[in-house]
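Below is one structure, written out as structure tokens, with a few remarks after it.
All of the numbers you see were taken from the coordinates with simple rules; none came from a lab. It should be emphasised that the depicted structure is a prediction, and the values quoted were computed from it without experimental measurement. Glycine gets a Cβ as well: all are built from the backbone with ideal geometry, and neighbour counts include every protein chain shown.
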Amino acid sequence: MKRLPVQKTYKLFIGGAFPRSESGRTYVAERANVARASRKDLRDAVRIARQAGVGWAKATAYNRGQVLYRIAEMMETRRSELVSFVSRAGEVDRAIDRVVWYAGWADKLGQVIGSANPVAGPYFNFTVPEPTGVTGILAPEPPLLGLVSRLSPVIVGGNTAVVIASEAHPLVAIEFAECLATADVPPGVVNILTGLRKELAPWLASHMDVAALDLTGGDGDAAELERLGAENVKRVVRGRPDGQSPYDIAAFLELKTVWHPIGM
Amino acid sequence: MTERKQDVARRAEKSPLTTAWDYAPAPEARDIVHIQERYGLFIGGKFVEPLSGERYTTIDPAREEPLSEVAQANKADVNRAVKAARGAFDGPWSKLRPSERAKYLFRIARILQERSREFAVLESLNGGKPIRESRDVDVPLAAAHFFYYAGWADKLEYAFPNRRPRPIGVAGQIIPWNFPLLMLAWKIAPALAAGNTVVLKPAETTPLTALLFCDVVRQAELPPGVVNIVTGDGRTGAEIVAHPGVDKIAFTGSTEVGKAIQRTLAGTGKRLTLELGGKAANIIFDDAPLDQAVEGIINGIYFNQGHVCCAGSRLFVQESIYEATIAKLKRRMRTLRVGDPLDKNTDVGAINSKAQLEKIVSLVRSGVEEGAELYQPPCKLPERGYWFVPTVFTNVAQSYRIAQEEIFGPVLSVLTFRTPDEAIEKANNTPYGLSAGVWTEKGSRILAMAQRLRAGVIWANTYNRFDPASPFGGYKESGFGREGGRHGLEAYVAMDDA
């Protein structure tokens with residue numbers, strides 16, 4: 001007799017757990033019933049991301065680098081599952097390699113982006129990069145490589161993220177969330193919501209605890225989202241869906257300059 | 001209060017310095033400055049009549065006397081300035097070798113040094129700041145800024161390796177009235193070093209040093225149109241922001257206006273940097289060298305009449321040294337000399353404008369009404385002009401408006417804390433994040449505090465220090481982008497991503 005396979009329920013990824021939408025709603029995408037996150041889910045995710053940011057920002061760069069590398073390890077382990085959701089296997093390979101590339105940046109950013117500043121006076125003066133805070137990401141296509149390309153620079157710098165996955169292709173994002181859940185990523189550092197962009201994006205863009213927005217995956221509504229973001233002077237980034245650059249990390253970093261007198 | 005602390009407090013009260021000593025007036029001569037009766041707009045290398053046909057009077061806020069009539073530029077004027085800037089960008093300026101561009105900037109730095117006295121006197125006349133500050137801080141730093149960025153002009157590929165740095169185009173720059181010439185330097189020097197051309201609008205109340213700077217541009221023989229100066233109020237600024245021919249906007253000013261600019265530019269792809277308001281915490285631990293800390297508090301809030309976005313306007317004192325600190329602070333406040341900005345002995349000059357004075361008065365009134373305790377040293381103010389006595393509020397709650405809102409005047413709010421954690425919690429409890437101060441002799445604590453304070457500039461055992469090599473700019477609602485240092489160049493350079 002033919003065995004009936006067990007089907008997966010696709011849920012949200014918030015605070016390291018996989019809850020259904022509190023609204024109980026789903027929508028159909030890629031022939032599955034996918035959780036349709038509500039405004040309340042989004043606010044929960046932002047709140048948790050903000051809490052998680054305290055510890056993640058304090059983690060050593062070495063530690064953050066290893067966590068990112070561990071994500072790549074978990075993706076490699078689940079490579080065949082990830083491949084089943086994308087149109088080309090190459091997308092998965094590139095996504096894995098991209099995470100590894102960013103993992104290596106964690107403990108080099110301070111040296112490449114920071115500086116010691118020769119001021120005209122008896123002061124020691126230096127500039128260091130620091131995380132901006134909770135970052136909202138509209139994941140661009142392709143659904144895995146786009147998400148990984150925009151998420152990795154955000155978290156390697158010590159920010160936490162609330163991601164709205166591709167509306168049309170959300171399944172690989174949740175599969176990827178399962179990689180995160182088993183990769184020692186502290187709960188809440190990455191939160192992934194599936195659902196309708198139009199319903200969620202304005203709340204993400206206007207949320208006062210969200211410090212930065214990556215609108216690379218935005219389409220016609222990007223200008224309006226940017227306008228909403230001005231209410232708390234959000235840092236708004238529109239990068240390349242397939243970008244890979246230390247300056248994509250720098251876009252989500254603040255620069256802090258410290259002065260101290262020199263004297264005996 | 002322990003007996004020893006009571007003793008300190010009592011001795012401070014009885015100090016012979018309860019009233020300021022009499023000083024003979026030592027006014028700086030103002031005849032070094034020639035102010036024209038009226039000014040046009042500086043567009044395409046020469047002064048032109050405003051197409052708007054409108055002018056307004058700019059005054060000396062210390063005497064309420066008119067100094068000159070300046071142009072109120074309208075849309076057509078701004079359009080003309082942007083066209084001149086575009087013409088210069090497409091023409092001679094972008095064809096110039098970077099090493100030649102550098103030499104123009106070096107020239108400007110040198111001319112500013114040569115004419116420093118003239119600029120200092122004019123800055124104090126038009127803005128109300130003490131000549132001691134314009135002479136020793138504003139003008140030398142402005143010259144230093146041009147000198148610093150001059151050197152970058154032909155070294156951009158070392159600042160941004162593998163990124164093919166190139167100019168953006170026409171930069172629209174809008175600056176505030178608190179450091180008119182210095183903010184002009186912060187904006188124009190990096191923009192020109194990177195090969196852009198600029199349209200700059202000085203603040204409505206302080207246009208004169210920017211207009212005198214046009215003569216420096218002339219003396220330096222800068223190609224026409226590379227620097228264009230348009231004067232006017234917020235309407236002129238809005239025209240610059242909205243002009244489609246401007247590729248980049250750099251704004252320093254209030255958070256409210258900054259947000260409006262960000263909204264206007266949303267979706268246009270124009271580049272933007274914002275340096276906005278602040279409500280900085282200045283944190284004094286019980287092991288701090290108290291006399292130095294008190295000097296730091298004074299410099300933090302009364303420098304430039306408190307018209308400083310990074311002013312240390314919220315003082316956090318550790319409870320165990322509260323009485324002693326306040327006693328010393330009040331005693332020191334009684335030695336501050338408020339008065340004629342052109343007098344070399346003046347510590348606190350005139351409030352920049354009537355509108356600003358009214359804002360300060362209204363916020364101070366709210367502080368009293370909400371229950372804070374006000375202290376002002378005995379102080380004789382001139383009869384004419386806009387003045388406000390250096391003020392300190394004690395018994396302030398976090399929720400009071402004077403602890404939340406930027407006053408932009410010589411008004412300090414004092415709060416207390418017990419533990420470093422509490423200091424951090426309170427200091428970070430603001431939408432702003434421009435600067436902060438920490439005073440303690442313990443090195444590890446300085447670094448821990450510096451790490452946890454959410455602000456772009458941290459002054460440890462010092463306050464209000466500036467240098468062209470040192471990046472300056474805010475976290476959170478204090479804006480984004482940096483001015484100064486290698487990081488300050490980034491705002492004016494287009495680059496490859498990788």
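Using the alpha-carbon positions of the protein assembly as shown, Rg (one decimal) and Dmax (whole number) come out as 27.6, 109 Å.
For segment B:109-193, a crude dipole built from +1 on the beta carbon of Lys and Arg and -1 on the beta carbon of Asp and Glu, taken about the Cα centre, is about 240 debye to the nearest 20. Relative to the longest principal axis of the Cα atoms of chain A, the long axis of helix A:145-156 makes an angle of roughly 40 degrees.
Between the helical axis of A:39-58 and the longest alpha-carbon principal axis of chain A there is an angle of about 40 degrees.
Shown here for segment B:405-498: GluC sites (Glu not before Pro) in loop regions (DSSP other than H, G, I, E, B) with at most 13 other Cβ atoms within 10 Å, namely B:441. In terms of overall dimensions, the C-alpha atoms belonging to segment B:141-207 reach 43, 23, 12 Å along their principal axes, ordered largest to smallest.
Counting only DSSP beta bridges with both residues in the protein assembly as shown, the antiparallel share comes to about 40 percent. If you take the Cα centroid of segment B:48-103 and the Cα centroid of segment B:415-455, the two points sit 42 Å apart. The distance from the alpha carbon centre of segment A:5-65 to that of segment B:154-215 is 45 Å, rounded to a whole number.
Once C-alpha pairs closer than 8 Å and six or more residues apart are averaged by separation and normalised to the residue number of chain A, the relative contact order reads 27 percent. Per-residue ellipticity at 222 nm, computed for chain B from helices alone with -39500 (n - 2.57) per DSSP H run of at least four residues, works out to -11500 deg cm²/dmol. Among the residues of A:229-239, the average count of other protein chain beta-carbon atoms within 10 Å of the residue beta-carbon is 5. Ranking A:211, A:261, A:161 by Cα position along the charge dipole of segment A:31-261, where only Lys, Arg, Asp and Glu carry charges on their C-beta atoms, puts A:261 farthest toward the positive end.
Counting partner chain Cβ atoms within 10 Å of every residue's Cβ in A:110-120, what's the average?
Details: counts 0, 0, 1, 1, 2, 6, 1, 9, 5, 9, 8.
Counting other chains' Cβ atoms within 10 Å and averaging over A:110-120 gives 4.
Our summary gives segment A:171-264 a relative contact order of 22 percent, counting only alpha carbon pairs under 8 angstrom and 6 or more residues apart. Ellipsoid semi-axes for segment A:31-261, based on the Cα gyration tensor and the rule √(5λ), read 30, 21, 15 Å when sorted largest first.
In summary, segment B:309-404 shows an alpha-carbon radius of gyration equal to 1.15 times the 2.2 N^0.38 Å reference for compact globular proteins. Counting only aspartates and glutamates at least 8 places from residue A:108 when in the same chain, those with an alpha carbon closer than 17 Å to its own are A:130, A:248, A:254.
Remark: chain B is approximated by an ellipsoid whose semi-axes, taken from the C-alpha gyration tensor as √(5λ), come to 39, 26, 20 Å, largest first. For the peptides A:29-41, B:201-213, B:459-471, the ranking by packing is B:201-213, B:459-471, A:29-41, with the highest mean count of neighbouring Cβ atoms within 10 Å listed first. Based on Cα contacts under 8 Å between residues 6+ apart, segment B:102-188 shows a relative contact order of 36 percent.
The charge dipole of the protein assembly as shown, taken about its Cα centre with unit charges on the Cβ of Lys, Arg, Asp and Glu (plus for the first two, minus for the last two), comes to roughly 1020 debye. Each listed q (0.19, 0.21, 0.28, 0.30 Å⁻¹) maps to a log10 I(q)/I(0) for segment B:264-317 from the Debye sum over equal C-alpha point scatterers, namely -0.68, -0.76, -1.07, -1.15. Taking the square roots of 5 times each eigenvalue of the Cα gyration tensor of segment A:163-264, largest first, gives ellipsoid semi-axes of 29, 20, 14 Å.
Could you please rank B:192, B:290, placing first whichever residue has the fewest other Cβ atoms within 10 Å of its Cβ? Write down the numbers at each step before the final one.
Working: B:192 27, B:290 17.
Result, fewest neighbours first: B:290, B:192.
Computed from phi, the 3J(HN,Hα) profile of segment B:341-356 under the Karplus parametrisation 6.51, -1.76, 1.60 (θ = phi - 60°) reads x, 7, 7, 5, 8, 6, 9, 10, x, 8, 5, 4, 7, 5, 4, 5 Hz, with x in place of Gly and Pro.
Enter the mean projected area of the convex hull around the alpha-carbon atoms of segment B:435-498, in nm², rounded to one decimal.
Seen from a random direction, the Cα hull of segment B:435-498 projects 5.6 nm² on average.
Net charge dipole, segment A:31-261: roughly 300 debye, given to the nearest 20, about the Cα centre with Cβ charges of +1 for Lys and Arg and -1 for Asp and Glu.
If both residues of a DSSP beta bridge must be in segment A:31-261, then about 40% of such bridges are antiparallel.
The angle between the Cα long axis of helix B:116-127 and the longest principal axis of the Cα atoms of chain B comes to about 70 degrees, rounded to the nearest 10. Debye calculation, C-alpha points only, no solvent: report log10 I(q)/I(0) for segment B:205-280 at q = 0.14 Å⁻¹, in the same order as the q values. For segment B:205-280 at q = 0.14 Å⁻¹, log10 I(q)/I(0) is -0.57. Taking A:239, A:220, A:114 in turn, the Gaussian network model of chain A (Cα-Cα springs below 10 Å) assigns the largest fluctuation to A:220.
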